[in-house]
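Trainee: This structure is in C-alpha coordinates; I'll ask about it shortly.
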Amino acid sequence: MGGDWPEPSRPSPESIGRAVAARESRALEWSAGAAALAIAWIALPVAAGLLLGTLMAFSLRPLNEAIERRVRRPAVASFATVLVTAAVILCLVGAFGSLFVSRGVVLTRSLLAVLDPNGALSDFLESMTGTLARVGLSGDELTSRLRDAAAAIASRAATFAEAAASATVSGLLALFFALLSMQWILLHREALPGRLEVVSPLRIEYTRALMTEFERVGRSTLLGTVVTGVAQGLLATFGYWITGSPEPVFFGIATALASLVPGVGTLLVWVPVGVFMIVTGHAGRGFAELLWGTFVVIGFSDYVLRPRLLGGDHEMPTLVTFVALFGGVEVFGLKGLVVGPIVMSIAVATLRLYAREAEARRHA
(Lines give C-alpha, C1' and ligand atoms only; values in the text may rest on other atoms or scores of the structure.)
Protein backbone atom coordinates (compact mmCIF):
# COMPACT_ATOMS: atom_id res chain seq x y z
CA MET A 1 0.00 0.00 0.00
CA GLY A 2 1.10 3.56 -0.71
CA GLY A 3 0.85 4.55 2.97
CA ASP A 4 3.09 1.79 4.26
CA TRP A 5 6.33 2.89 5.91
CA PRO A 6 9.54 1.59 4.35
CA GLU A 7 11.19 -1.16 6.31
CA PRO A 8 14.18 0.28 8.26
CA SER A 9 17.59 -0.86 7.10
CA ARG A 10 19.41 -3.21 9.41
CA PRO A 11 23.12 -2.70 10.16
CA SER A 12 25.36 -5.14 8.43
CA PRO A 13 27.30 -7.69 10.45
CA GLU A 14 30.52 -5.91 9.42
CA SER A 15 29.39 -2.55 10.89
CA ILE A 16 28.23 -4.28 14.07
CA GLY A 17 31.59 -5.99 14.37
CA ARG A 18 33.43 -2.68 13.87
CA ALA A 19 31.31 -0.96 16.51
CA VAL A 20 31.92 -3.76 19.01
CA ALA A 21 35.65 -3.72 18.25
CA ALA A 22 35.81 0.07 18.72
CA ARG A 23 33.97 -0.19 22.03
CA GLU A 24 36.28 -2.94 23.22
CA SER A 25 39.30 -0.95 22.10
CA ARG A 26 38.16 2.09 24.10
CA ALA A 27 37.49 -0.08 27.14
CA LEU A 28 40.95 -1.61 26.83
CA GLU A 29 42.53 1.85 26.56
CA TRP A 30 40.76 3.00 29.73
CA SER A 31 41.77 -0.19 31.50
CA ALA A 32 45.38 0.27 30.45
CA GLY A 33 45.32 3.85 31.71
CA ALA A 34 43.81 2.75 35.03
CA ALA A 35 46.43 0.00 35.32
CA ALA A 36 49.24 2.52 34.72
CA LEU A 37 47.83 4.84 37.41
CA ALA A 38 47.51 1.92 39.84
CA ILE A 39 51.11 0.89 39.25
CA ALA A 40 52.29 4.49 39.70
CA TRP A 41 50.28 4.83 42.93
CA ILE A 42 51.68 1.62 44.41
CA ALA A 43 55.24 2.47 43.34
CA LEU A 44 55.05 6.05 44.65
CA PRO A 45 56.81 5.32 48.02
CA VAL A 46 59.87 3.97 46.17
CA ALA A 47 59.59 6.25 43.13
CA ALA A 48 62.73 8.19 44.10
CA GLY A 49 64.79 5.00 44.09
CA LEU A 50 63.32 3.85 40.79
CA LEU A 51 64.01 7.21 39.15
CA LEU A 52 67.54 7.27 40.55
CA GLY A 53 68.18 3.77 39.21
CA THR A 54 66.91 4.78 35.78
CA LEU A 55 69.21 7.79 35.69
CA MET A 56 72.14 5.70 36.91
CA ALA A 57 71.48 3.20 34.12
CA PHE A 58 71.56 6.02 31.55
CA SER A 59 74.76 7.47 33.03
CA LEU A 60 76.61 4.13 33.30
CA ARG A 61 75.47 2.66 30.00
CA PRO A 62 78.95 3.07 28.41
CA LEU A 63 80.49 1.07 31.27
CA ASN A 64 77.88 -1.66 30.89
CA GLU A 65 78.47 -1.86 27.14
CA ALA A 66 82.23 -2.11 27.68
CA ILE A 67 81.76 -4.99 30.13
CA GLU A 68 79.32 -6.70 27.78
CA ARG A 69 81.81 -6.58 24.93
CA ARG A 70 84.22 -8.54 27.11
CA VAL A 71 81.91 -11.12 28.66
CA ARG A 72 79.39 -11.27 25.75
CA ARG A 73 76.55 -12.00 28.16
CA PRO A 74 74.08 -9.13 28.84
CA ALA A 75 72.85 -10.53 32.15
CA VAL A 76 76.37 -10.91 33.51
CA ALA A 77 77.35 -7.46 32.25
CA SER A 78 74.36 -5.73 33.84
CA PHE A 79 74.89 -7.56 37.14
CA ALA A 80 78.60 -6.64 37.13
CA THR A 81 77.79 -2.98 36.45
CA VAL A 82 75.32 -2.90 39.32
CA LEU A 83 77.77 -4.67 41.63
CA VAL A 84 80.57 -2.20 40.84
CA THR A 85 78.20 0.75 41.29
CA ALA A 86 76.97 -0.53 44.66
CA ALA A 87 80.52 -1.16 45.88
CA VAL A 88 81.69 2.32 44.86
CA ILE A 89 78.68 4.05 46.45
CA LEU A 90 78.93 2.14 49.72
CA CYS A 91 82.70 2.61 49.99
CA LEU A 92 82.51 6.34 49.29
CA VAL A 93 79.61 6.90 51.67
CA GLY A 94 81.31 4.84 54.38
CA ALA A 95 84.66 6.57 53.97
CA PHE A 96 83.26 10.08 53.87
CA GLY A 97 80.83 9.34 56.70
CA SER A 98 83.59 8.01 58.94
CA LEU A 99 85.83 10.96 58.12
CA PHE A 100 82.99 13.41 58.64
CA VAL A 101 82.16 12.02 62.09
CA SER A 102 85.76 11.72 63.28
CA ARG A 103 86.71 15.24 62.23
CA GLY A 104 83.43 16.51 63.66
CA VAL A 105 84.41 15.17 67.09
CA VAL A 106 87.78 16.93 66.85
CA LEU A 107 86.07 20.14 65.75
CA THR A 108 83.67 20.02 68.71
CA ARG A 109 86.57 19.72 71.12
CA SER A 110 88.34 22.61 69.43
CA LEU A 111 85.19 24.71 69.63
CA LEU A 112 84.85 24.05 73.36
CA ALA A 113 88.50 25.06 73.78
CA VAL A 114 87.89 28.32 71.91
CA LEU A 115 84.90 29.03 74.16
CA ASP A 116 86.96 28.40 77.27
CA PRO A 117 87.30 31.43 79.62
CA ASN A 118 90.91 31.75 78.45
CA GLY A 119 90.15 30.90 74.83
CA ALA A 120 90.46 33.02 71.68
CA LEU A 121 86.82 34.11 71.75
CA SER A 122 87.17 35.56 75.26
CA ASP A 123 89.95 37.91 74.09
CA PHE A 124 87.79 39.12 71.23
CA LEU A 125 84.78 39.68 73.47
CA GLU A 126 86.87 41.61 75.98
CA SER A 127 87.86 44.00 73.20
CA MET A 128 84.17 44.58 72.49
CA THR A 129 83.06 45.15 76.09
CA GLY A 130 81.63 48.59 75.34
CA THR A 131 79.61 47.39 72.35
CA LEU A 132 78.20 44.41 74.23
CA ALA A 133 77.29 46.59 77.21
CA ARG A 134 75.03 48.69 74.99
CA VAL A 135 72.88 45.63 74.26
CA GLY A 136 72.85 44.46 77.88
CA LEU A 137 75.44 41.68 77.61
CA SER A 138 78.85 41.05 79.06
CA GLY A 139 81.68 39.07 77.49
CA ASP A 140 81.58 36.44 80.22
CA GLU A 141 77.83 36.05 79.89
CA LEU A 142 77.94 35.65 76.11
CA THR A 143 80.84 33.18 76.32
CA SER A 144 78.95 31.17 78.93
CA ARG A 145 75.88 31.01 76.71
CA LEU A 146 77.93 29.88 73.72
CA ARG A 147 79.63 27.20 75.83
CA ASP A 148 76.25 25.96 77.05
CA ALA A 149 74.99 25.82 73.45
CA ALA A 150 78.07 23.88 72.28
CA ALA A 151 77.78 21.50 75.23
CA ALA A 152 74.08 20.98 74.48
CA ILE A 153 74.92 20.13 70.88
CA ALA A 154 77.55 17.67 72.01
CA SER A 155 75.18 16.09 74.52
CA ARG A 156 72.61 15.48 71.81
CA ALA A 157 74.93 13.19 69.92
CA ALA A 158 72.64 10.26 70.66
CA THR A 159 69.70 12.06 69.05
CA PHE A 160 71.79 12.90 66.01
CA ALA A 161 73.00 9.30 65.82
CA GLU A 162 69.42 8.04 65.91
CA ALA A 163 68.39 10.41 63.12
CA ALA A 164 71.45 9.37 61.11
CA ALA A 165 70.58 5.69 61.59
CA SER A 166 67.02 6.30 60.39
CA ALA A 167 68.29 8.20 57.36
CA THR A 168 70.76 5.40 56.66
CA VAL A 169 68.01 2.77 56.63
CA SER A 170 65.86 4.90 54.33
CA GLY A 171 68.85 5.57 52.07
CA LEU A 172 69.74 1.86 51.87
CA LEU A 173 66.14 1.03 50.90
CA ALA A 174 66.21 3.67 48.16
CA LEU A 175 69.59 2.36 47.00
CA PHE A 176 68.22 -1.20 46.88
CA PHE A 177 65.36 -0.22 44.55
CA ALA A 178 67.71 2.00 42.54
CA LEU A 179 70.05 -0.91 41.90
CA LEU A 180 67.16 -3.22 41.00
CA SER A 181 65.71 -0.78 38.49
CA MET A 182 69.18 -0.03 37.13
CA GLN A 183 69.87 -3.72 36.51
CA TRP A 184 66.48 -4.23 34.82
CA ILE A 185 66.92 -1.25 32.48
CA LEU A 186 70.46 -2.23 31.53
CA LEU A 187 69.34 -5.78 30.82
CA HIS A 188 66.36 -4.73 28.67
CA ARG A 189 67.79 -1.57 27.17
CA GLU A 190 67.50 -2.90 23.60
CA ALA A 191 63.90 -4.09 23.82
CA LEU A 192 62.57 -1.27 26.00
CA PRO A 193 62.34 1.43 23.26
CA GLY A 194 60.37 -0.91 20.99
CA ARG A 195 57.89 -1.72 23.75
CA LEU A 196 57.36 1.96 24.53
CA GLU A 197 56.82 2.74 20.85
CA VAL A 198 54.04 0.13 20.72
CA VAL A 199 52.08 1.41 23.72
CA SER A 200 52.69 5.13 23.12
CA PRO A 201 49.80 7.02 21.47
CA LEU A 202 52.32 9.25 19.64
CA ARG A 203 54.03 8.62 16.35
CA ILE A 204 57.08 6.40 16.49
CA GLU A 205 59.45 9.26 15.64
CA TYR A 206 57.91 11.46 18.35
CA THR A 207 58.15 8.68 20.92
CA ARG A 208 61.79 8.10 20.03
CA ALA A 209 62.53 11.82 20.28
CA LEU A 210 60.99 12.05 23.76
CA MET A 211 62.82 8.93 24.94
CA THR A 212 66.10 10.36 23.66
CA GLU A 213 65.40 13.64 25.44
CA PHE A 214 64.51 11.84 28.68
CA GLU A 215 67.74 9.84 28.58
CA ARG A 216 69.85 12.88 27.74
CA VAL A 217 68.42 15.19 30.36
CA GLY A 218 68.32 12.42 32.97
CA ARG A 219 72.00 11.69 32.49
CA SER A 220 73.01 15.36 32.49
CA THR A 221 70.85 16.17 35.52
CA LEU A 222 72.21 13.35 37.66
CA LEU A 223 75.80 14.03 36.68
CA GLY A 224 75.22 17.77 37.01
CA THR A 225 73.87 17.48 40.55
CA VAL A 226 76.62 15.10 41.67
CA VAL A 227 79.47 16.87 39.89
CA THR A 228 78.32 20.29 41.10
CA GLY A 229 78.11 19.09 44.70
CA VAL A 230 81.55 17.48 44.51
CA ALA A 231 83.01 20.58 42.83
CA GLN A 232 81.56 22.86 45.50
CA GLY A 233 82.95 20.61 48.21
CA LEU A 234 86.44 20.56 46.66
CA LEU A 235 86.48 24.30 45.97
CA ALA A 236 85.26 25.02 49.49
CA THR A 237 87.85 22.67 50.99
CA PHE A 238 90.60 24.51 49.13
CA GLY A 239 89.20 27.82 50.35
CA TYR A 240 89.08 26.60 53.96
CA TRP A 241 92.67 25.36 53.65
CA ILE A 242 94.20 28.53 52.16
CA THR A 243 92.40 30.76 54.69
CA GLY A 244 93.47 28.60 57.62
CA SER A 245 89.96 27.51 58.63
CA PRO A 246 89.75 24.75 61.27
CA GLU A 247 89.12 21.24 59.93
CA PRO A 248 88.93 22.09 56.19
CA VAL A 249 88.13 18.48 55.21
CA PHE A 250 85.17 18.32 57.60
CA PHE A 251 83.74 21.60 56.37
CA GLY A 252 84.43 20.64 52.76
CA ILE A 253 82.31 17.49 53.11
CA ALA A 254 79.65 19.52 54.93
CA THR A 255 79.62 22.03 52.06
CA ALA A 256 79.17 19.26 49.48
CA LEU A 257 76.22 17.88 51.45
CA ALA A 258 74.77 21.35 52.01
CA SER A 259 74.77 21.97 48.25
CA LEU A 260 71.70 19.73 48.10
CA VAL A 261 69.74 21.82 50.62
CA PRO A 262 67.04 23.91 48.87
CA GLY A 263 67.45 27.66 48.88
CA VAL A 264 70.40 28.37 51.16
CA GLY A 265 72.67 25.49 50.12
CA THR A 266 76.36 26.00 50.82
CA LEU A 267 75.66 29.26 52.69
CA LEU A 268 74.88 27.07 55.70
CA VAL A 269 78.57 26.17 56.00
CA TRP A 270 80.98 28.75 54.66
CA VAL A 271 79.17 31.80 56.07
CA PRO A 272 79.34 30.58 59.72
CA VAL A 273 82.97 29.53 59.16
CA GLY A 274 83.91 32.98 57.87
CA VAL A 275 82.03 34.77 60.64
CA PHE A 276 83.59 32.51 63.28
CA MET A 277 87.07 33.33 62.00
CA ILE A 278 86.28 37.05 62.13
CA VAL A 279 85.01 37.01 65.72
CA THR A 280 87.96 34.91 66.90
CA GLY A 281 90.45 37.55 65.80
CA HIS A 282 91.21 36.50 62.20
CA ALA A 283 89.28 39.20 60.35
CA GLY A 284 91.38 39.17 57.18
CA ARG A 285 91.17 35.42 56.70
CA GLY A 286 87.49 35.43 57.63
CA PHE A 287 86.62 38.05 55.01
CA ALA A 288 88.75 36.17 52.48
CA GLU A 289 86.73 33.01 53.22
CA LEU A 290 83.46 34.91 52.73
CA LEU A 291 84.66 36.33 49.41
CA TRP A 292 85.84 32.88 48.27
CA GLY A 293 82.47 31.37 49.13
CA THR A 294 80.57 34.12 47.33
CA PHE A 295 82.51 34.29 44.07
CA VAL A 296 83.89 30.75 43.74
CA VAL A 297 81.75 28.27 45.70
CA ILE A 298 78.47 29.91 44.67
CA GLY A 299 79.33 32.17 41.74
CA PHE A 300 81.32 29.71 39.65
CA SER A 301 79.56 26.48 40.65
CA ASP A 302 75.93 27.60 40.58
CA TYR A 303 76.03 30.10 37.73
CA VAL A 304 78.66 28.60 35.42
CA LEU A 305 79.21 24.91 36.13
CA ARG A 306 75.69 23.72 37.02
CA PRO A 307 73.85 25.35 34.04
CA ARG A 308 76.45 23.97 31.62
CA LEU A 309 76.14 20.45 33.01
CA LEU A 310 72.35 20.58 32.96
CA GLY A 311 72.13 22.25 29.57
CA GLY A 312 74.25 19.95 27.45
CA ASP A 313 74.16 20.14 23.69
CA HIS A 314 70.44 21.05 23.65
CA GLU A 315 70.77 23.78 26.26
CA MET A 316 67.57 25.29 27.58
CA PRO A 317 67.51 29.03 28.29
CA THR A 318 69.20 29.89 31.58
CA LEU A 319 65.93 31.24 32.99
CA VAL A 320 64.14 27.96 32.24
CA THR A 321 67.00 25.98 33.80
CA PHE A 322 66.82 27.90 37.06
CA VAL A 323 63.01 27.76 37.09
CA ALA A 324 63.28 23.98 36.73
CA LEU A 325 65.81 23.75 39.58
CA PHE A 326 64.18 26.03 42.13
CA GLY A 327 60.60 25.28 41.09
CA GLY A 328 61.34 21.54 41.27
CA VAL A 329 62.69 21.94 44.80
CA GLU A 330 59.61 23.93 45.84
CA VAL A 331 57.21 21.31 44.45
CA PHE A 332 59.05 18.04 45.11
CA GLY A 333 61.45 18.94 47.90
CA LEU A 334 65.06 17.81 47.68
CA LYS A 335 64.18 15.32 44.92
CA GLY A 336 63.18 18.31 42.79
CA LEU A 337 66.85 18.99 42.02
CA VAL A 338 66.64 15.96 39.74
CA VAL A 339 62.90 15.70 38.98
CA GLY A 340 62.42 19.40 38.14
CA PRO A 341 64.87 19.63 35.22
CA ILE A 342 63.68 16.28 33.83
CA VAL A 343 60.00 17.28 33.86
CA MET A 344 60.79 20.72 32.44
CA SER A 345 62.97 19.31 29.66
CA ILE A 346 60.38 16.70 28.63
CA ALA A 347 57.67 19.38 28.65
CA VAL A 348 59.79 21.70 26.49
CA ALA A 349 60.59 18.84 24.09
CA THR A 350 56.88 17.99 23.80
CA LEU A 351 55.99 21.61 23.02
CA ARG A 352 58.71 21.70 20.37
CA LEU A 353 57.27 18.58 18.74
CA TYR A 354 53.79 20.13 18.83
CA ALA A 355 55.09 23.37 17.29
CA ARG A 356 56.85 21.42 14.55
CA GLU A 357 53.67 19.45 13.77
CA ALA A 358 51.52 22.62 13.74
CA GLU A 359 53.99 24.32 11.42
CA ALA A 360 53.92 21.34 9.07
CA ARG A 361 50.08 21.38 8.98
CA ARG A 362 50.08 25.09 8.30
CA HIS A 363 52.26 24.69 5.23
CA ALA A 364 50.58 21.52 3.99
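The values are calculated or read from the model by the stated rules, or taken from the named source; none is laboratory data. Because the structure is predicted, anything quoted here is derived from the model rather than measured. Cβ atoms come from the backbone with ideal geometry, glycine included; neighbour counts cover every protein chain shown. Quick note on the areas: whole protein, heavy atoms, side chains included, nothing else; ligands and nucleic acids left out. Shrake-Rupley method; radii C 1.70, N 1.55, O 1.52, S 1.80 Å.
Trainee: In region 200-285, which helices (runs of 4 or more DSSP H) lie fully inside it and hold 3 or more residues that are in contact (Cβ under 8 Å) with a residue 24 or more places away in the chain and within 18 Å of the chain's Cα centre (by Cα)? Spell out how you get there, then give the answer.
Mentor: Details: elements: 204-242, 248-258, 267-279.
In region 200-285, the matching helices (runs of 4 or more DSSP H) lie at 204-242, 248-258.
Trainee: Working carefully through the options Leu222, Leu192, find the one that is surrounded by fewer than 19 Cβ atoms within 10 Å (Cβ to Cβ) and among the aliphatic types (A, V, I, L, M).
Mentor: Residue meeting the stated conditions: Leu192.
Trainee: Specify which of the listed residues (Thr280, Thr243, Thr255) is β-branched (Val, Ile, Thr) and either open to solvent by 30 Å² or more (accessible area, probe 1.4 Å) or at pLDDT below 85 (or both).
Mentor: On the way: Thr243 fails: either open to solvent by 30 Å² or more (accessible area, probe 1.4 Å) or at pLDDT below 85 (or both); Thr255 fails: either open to solvent by 30 Å² or more (accessible area, probe 1.4 Å) or at pLDDT below 85 (or both).
Exactly one of Thr280, Thr243, Thr255 is β-branched (Val, Ile, Thr) and either open to solvent by 30 Å² or more (accessible area, probe 1.4 Å) or at pLDDT below 85 (or both), namely Thr280.
Trainee: Moving on. Please go through region 329-350 and pick out each residue that is within 29 Å of Ile204 (Cβ to Cβ) and open to solvent by 20 Å² or more (accessible area, probe 1.4 Å).
Mentor: Val338, Val339, Val343, Met344, Ile346, Ala347, Val348, Thr350
Trainee: Then there's this: Which one is modelled with the lowest pLDDT, of the residues in region 154-185 that are under 15 Å from Leu51 (Cβ atoms) and open to solvent by 70 Å² or more (accessible area, probe 1.4 Å)?
Mentor: The residue in question is Leu173.
Trainee: When you scan region 2-23, do you find a residue that is modelled with pLDDT of 75 or more, part of a helix (DSSP H, G or I) and either of a type outside the set (A, V, I, L, M, F, W, C) or open to solvent by 50 Å² or more (accessible area, probe 1.4 Å) (or both), even just one?
Mentor: The answer is yes; a qualifying residue exists.
Trainee: Please give the number of the condition Pro74 fails out of (1) touching an Asp or Glu at 6+ places or on another chain (Cβ under 7 Å); (2) modelled with pLDDT under 80; (3) closer than 21 Å to Leu187 by Cα.
Mentor: (2)
Trainee: Please go through region 185-199 and pick out each residue that is free of Cβ contacts under 8 Å to residues at least 40 places away in the same chain and of a type outside the set (D, E, K, R).
Mentor: His188, Ala191, Leu192, Pro193, Gly194, Leu196, Val198 - these are the residues of region 185-199 that are free of Cβ contacts under 8 Å to residues at least 40 places away in the same chain and of a type outside the set (D, E, K, R).
Trainee: When the residues of region 283-319 are filtered to those that are of a type in the set (A, V, I, L, M, F, W, C) and modelled with pLDDT under 75, which remaining residue is most open to solvent (accessible area, probe 1.4 Å)?
Mentor: If we filter region 283-319 for residues that are of a type in the set (A, V, I, L, M, F, W, C), which is where we start, we get 283, 287-288, 290-292, 295-298, 300, 304-305, 309-310, 316, 319.
Pick out the ones that are also modelled with pLDDT under 75 and you get 309-310, 316, 319.
Working: Leu309: 55, Leu310: 13, Met316: 23, Leu319: 130 Å².
Among residues in region 283-319 that are of a type in the set (A, V, I, L, M, F, W, C) and modelled with pLDDT under 75, the one most open to solvent (accessible area, probe 1.4 Å) is Leu319.
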